[in-house]
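Quick notes on the structure that follows.
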Amino acid sequence: MEQKKYFISDAAKQVNVESHVLRYWEEELELPIKRNKQGHRFYTTEDVERLKRIKMMKEQGFQLKAIKTALKGECDEAGLPVIGKVIVHPERKEETGITKAVSPDEKALRLQLLLKNLMLDAIREGNEEFCQVIKESLLKELDYQFRLQEEREEERETRRQEKEEEHFKKIDELLREKSIKSEKKKKHSFF
């Protein structure tokens with residue numbers, strides 16, 4: 001009996017996600033999705049079920065790294081992905097059903113993961129604030145530089161106009177002097 005095959009749009013509808021999400025998961029989780037002769041992806045019923053499990057784990061708060069581990073079969077008895085000795089689980093423990101004793105080493109590793117996530121969140125938030133501060137200071141600096149440039153241009157224009165006026169005054173004086181000299185010559189020539 002031949003297995004049913006779905007194109008990406010049909011599989012996306014079955015899983016209730018966008019097609020680009022399936023392509024992203026395929027790449028990030030290294031899923032073995034088959035392709036037809038034309039190079040188009042096609043999904044089997046088994047693939048669709050795997051994608052539904054991936055979506056469920058994402059909704060429970062799992063990161064893709066943990067999901068990738070789970071897909072490789074590295075899970076504890078409750079079906080939760082295991083990284084090293086640490087059970088990676090969603091933030092809500094009561095929903096996962098974990099009730100096993102945790103060694104001090106495992107607690108330390110969990111605390112390290114928690115601190116790492118907290119630091120990453122703080123850095124992201126800090127980066128956003130830092131970017132905003134840089135943006136504001138950059139805009140202020142650009143505004144200041146434009147004002148300085150405008151002032152310099154106004155100064156140059158004022159100096160140019162002053163020189164032009166001075167030049168025209170000199171020309172005017174020279175013309176007056178010449179005119180006066182020529183009038184004097186005319187008067188002297190009549191006598």
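No value in this document is a laboratory result; all are computed from the given coordinates. Because the structure is a prediction, the values reported are computed rather than measured.
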Query raised in the report: Along the range 3-13, what does the Karplus equation 6.51 cos²θ - 1.76 cosθ + 1.60 (θ = phi - 60°) give for ³J(HN,Hα), rounded to whole Hz, x for Gly and Pro?
Result: 6, 5, 10, 10, 6, 4, 5, 5, 5, 4, 5
Query raised in the report: Considering amide H positions built from the backbone, and no H for Pro or chain starts, which residues 5 or more places from Tyr43, or on another chain, come under 5 Å of its amide H?
Result: Tyr6, Phe7
Requested in this report: For Lys72, go through the lysines and keep the ones whose alpha-carbon is under 21 Å away, minus same-chain ones fewer than eight residues off.
Outcome: Lys34, Lys52, Lys55, Lys58, Lys85
